[in-house]
1. Measuring from a point 7 Å past the Cα of A:Glu291 along Cα-to-C-beta, which residues in region A:314-350 have an amide N at less than 14 Å?
2. Got a number for carbon plus sulfur as a percent of chain A's accessible area, 1.4 Å probe?
3. Per DSSP H run of n ≥ 4, the term is -39500 (n - 2.57); total these for chain A, divide by its residue number, and report the mean residue ellipticity at 222 nm rounded to 500 deg cm²/dmol.
4. Projecting each Cα onto the charge dipole of region A:59-178 (Lys/Arg +1, Asp/Glu -1 at the beta carbon, about the Cα centre), which of A:Ile126, A:Ala88, A:Val168 comes out farthest on the positive side?
5. In region A:532-556, whose amide N lies under 19 Å from the spot 7 Å out along Cα-to-Cβ of A:Glu207? List them in ranges.
6. Considering only A:Ala748, A:Ile767, A:Pro657, whose Cα is most displaced toward the positive end of the charge dipole of region A:639-790, charges sitting on Cβ of Lys, Arg (+1) and Asp, Glu (-1)?
7. Simple spin-label model, 7 Å along Cα-to-Cβ: A:Glu696 to A:Val784 in nm?
8. Relative to the longest principal axis of chain A, what angle (0 to 90°, nearest 10) does the C-alpha long axis of helix A:698-717 take?
Amino acid sequence: MSYHEGPQMTRYTPAEIEAKWQDAWDKAGVFEAKRSADKPKYYVLEMFPYPSGRIHMGHVRNYTMGDVIARHKIATGHNVLHPMGWDAFGMPAENAAMAIGGHPKEWTYSNIADMRSQMKPLGLSIDWSREFATCDPEYYGQQQALFLDMLEAGLVYRKNAVVNWDPVDMTVLANEQVENGRGWRSGALVERRELTQWFFKISDYAEDLLEALDTLDNWPAKVRLMQENWIGKSRGLQFSFERTDDGAPITVYTTRPDTLMGASFVGISPDHPIAKAMEAESDEVAAFLAECRKGGTTEEAVETAEKLGMDTGIRVKHPLNPDWELPVWIANFILMDYGTGAIFACPAHDQRDLDFCRKYDLPVIDTFMALDAPKPVEAEAFVPPKTEKVRWINHFAGLDVATGEEAINATIDKAEAEGWGEGVTKFRLRDWGLSRQRYWGCPIPVVHCDTCGVVPEKKENLPVRLPDDVSFDRPGNPLDRHPTWRSCTCPKCGGAALRETDTMDTFVDSSWYFARFTAPRAETPTVAEDAAYWMNVDQYIGGIEHAILHLLYSRFFARAMNITGHLPKSASEPFDALFTQGMVTHEIYQTRDANDRPVYHLPEDVEDGKVKATGETVEIIPSAKMSKSKKNVVDPVSIIDAFGADTARWFVLSDSPPERDVEWTASGAEAAHKHLTRVWTLCDKIAAMDPDAKGEGDQDLLREMHKTIRDVTLGLESFGFNASIAKLYAFTNILSKSKAGAAAQKEAIKVLAQLMAPMTPHLAEDIWALQGGEGLIIHAPFPVADEAMLVEATVTLPIQINGKRRGEIEVAKDLPKEEVEKLALAHEAVVRALDGAAPKKMIVVPGRIVNVVV
RNA sequence: GCCCAAGUGGCGGAAUGGUAGACGCAGGGGAUUCAAAAUCCCCCGCCUUCGGGCGUGAGAGUUCGAAUCUCUCCUUGGGCACCA
């Protein structure tokens, strides 16, 4: 450290300075959000975590991004709300109780305490006074009040729906508890079984939720597209097939009515009323339906299951030709939830129908063929885009060459004119089933009374609290078998009644927490003035895995909360801007045991490709999402202990664009730390300069400084944190080599600290203090680039020949096109390429490029 | 099976129609040091007959010009309604 003159250099000791500044922020209460009219408000929110007990690098990345935004907004004069809470209900707590004993409540609250203490050293700009957990009775009691208001508003109802049923454990299983069609604990083959369950009428809002996607300009296009596809608006034809017996007609819905002449059979869902009626009378049908009900409830399980069918013996008449009879089959791939639960199959133009027809030897009839290479369908269905023109065979509306779209419209028009069918709009979106047959969730606040039926609990009796004395030694819902909890009095007649034992889906908890943060201690779900002031969330940040369900449910809830008076109309779209960040990944280190089974090793136990303890060589598997089972995890706490929070923060932002995955590498973390040490040392060096010392290149340094301000700011405003950091690296290089005078260097290092402050707030505060900055850096106005310093007199124009770069010329910024052409033609590379001939064409894009076509 | 993304040097990535590889890691060379660590400086896509040629998962297309736009395919990741 003796390579330059000056006082004894200090060491960069993050442990000391980080604690010091966190303490200073706390004392000054800088992150406490208060309503005030003097500044614009800014609400930044990261998706709140599930309290698993340990924070992981994904959390560090997520919360650091939010923190960068929050700190930048504070520095640009905003009144910032940046809260934190816990998505605390859910299955893992019950699983832990089953596996290791204890109570979900104790497990959860102890995890929250652990995670909070791991999170605090990161120095996040969080208003901890607003913290809550969704399992706090103060929170879920308000959620129950919301539920009652929604019930009253007609947004909640009960109906039957299928669940995964474990016939051995006699319990409902979550999708993730079904492994290869078997229950995770019992190993029994899972069945689909119907239960009466509670639903939110999200389908009432299908059209609105779809249309409003267009207003979400600051959401990723891919998220909007995913939601659009999920809502799945379609226009099709609904009509009925008359039966040849005297049974009621079978109503079908199809999005491809134009293929009606290619109909092969009519298919009904195993859950269709006709199938169910037959089940009671026929052992054969009952056995077939039992077969269809094997397997889980997921769409994936249903769609990838082997296609099964059974001829019901029922025959129907083709609507266009009463002499044409079609068989009615029960088919396991038809969903009762979509359309009418019945279809007609056109195997020539639908692969699924074709597979089915080939298997069961049903006819395949072409209805149209390609214009260029017409050939009958064999093993592959012919499914061109609906916008492609095709040649129709025997089209009943007289079409010859037309697109699918045109044919669909013609068919619907014809059906409506002739009165045998109508064009209808349907949505793929189903109502939201919120019932869960589990303990650790928000109790649904209704009672079942023998005389009054289903009765809402009175609001003054909320919260309906979960009982603490429960056990998890048996499968099933402990609320069901609790000796006394269910007993209550009917709010309506005062007679003896039983409580509902279903609890709410945890997605309900996370569908309004953002609104609760605006008034977290209120005796009502929200407070009008606070909601009006803080909503909407200006920037929401979270994982892409929540692109559909969580975000769609939250959008629905915001609407429901508006009509029940808990949110203003303007908050119907609660998230003004959304950013979906990528995961943190790491290589996987694997060896094999005596039985050739894989054994995984923590990164900290591996050195130079060998297991430290045994010297075994590890196999390196490419980076994947950090997971405990693969042991490719790096504990943020140990990184903070080794390098400090600023290093961890700097690294998770530096190496990859925020929306992409970032690979954690030990060398990358060390490099980040090395860089921060370098900035620290540079600060010391500048502080030690004679304040009056003159130098050379002051203007150049300041010019670069202003360019850096411009570029870093742009990065901060557009989630280009990695780009901002690259510019900060570059400017640090320039500053450390600069021979400028003391005043310019001091200005430069202070601005550098300010630009770094959102990412490395502790280091920045320390530099600011050492360089005599006024107050806390977090309160100092963010630097603004001076436009005058950004203007360049000349510009370097690349010269291309046939689009390939072959040279460059330096020209005045506003040199006329003709002059540029002359200079380009005089360039030696151009002269050589032309070899005396005239150029075919010249493209001059002022200030950008010259392209000579020869 | 269906829906949505992503693919660029040895590695992470930059450039969103205009100089491909900014910035960082790894690597190589040098300075400093008794030596090392640390630090500092320089080099660093591939091939080359030193003219240049090739190069952004593969193949085609649009354009004066394509990593960027279009189509087909391959691979990887996310979601599929009871994981959160």
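The values are calculated or read from the model by the stated rules, or taken from the named source; none is laboratory data. Everything numeric in this text was worked out from a predicted model, so none of it was measured. For neighbour counting, all protein chains shown are included, and Cβ atoms are generated from backbone atoms with ideal geometry for every residue, glycine included. When the accessible area is computed, the model is the full protein with side chains, heavy atoms only, and any ligands, DNA or RNA have been set aside. Shrake-Rupley method; radii C 1.70, N 1.55, O 1.52, S 1.80 Å.
1. Hits in region A:314-350 for A:Glu291 at 14 Å: A:330-333.
2. Details: 19490 of 39040 Å².
Looking at chain A in its full context, I get 50 percent from C and S.
3. That comes out to -10500 deg cm²/dmol.
4. A:Ile126
5. A:556
6. Value computed over the given set: A:Ala748.
7. Rounded to a tenth, the inter-label distance reads 3.5 nm.
8. The angle comes out near 10 degrees.
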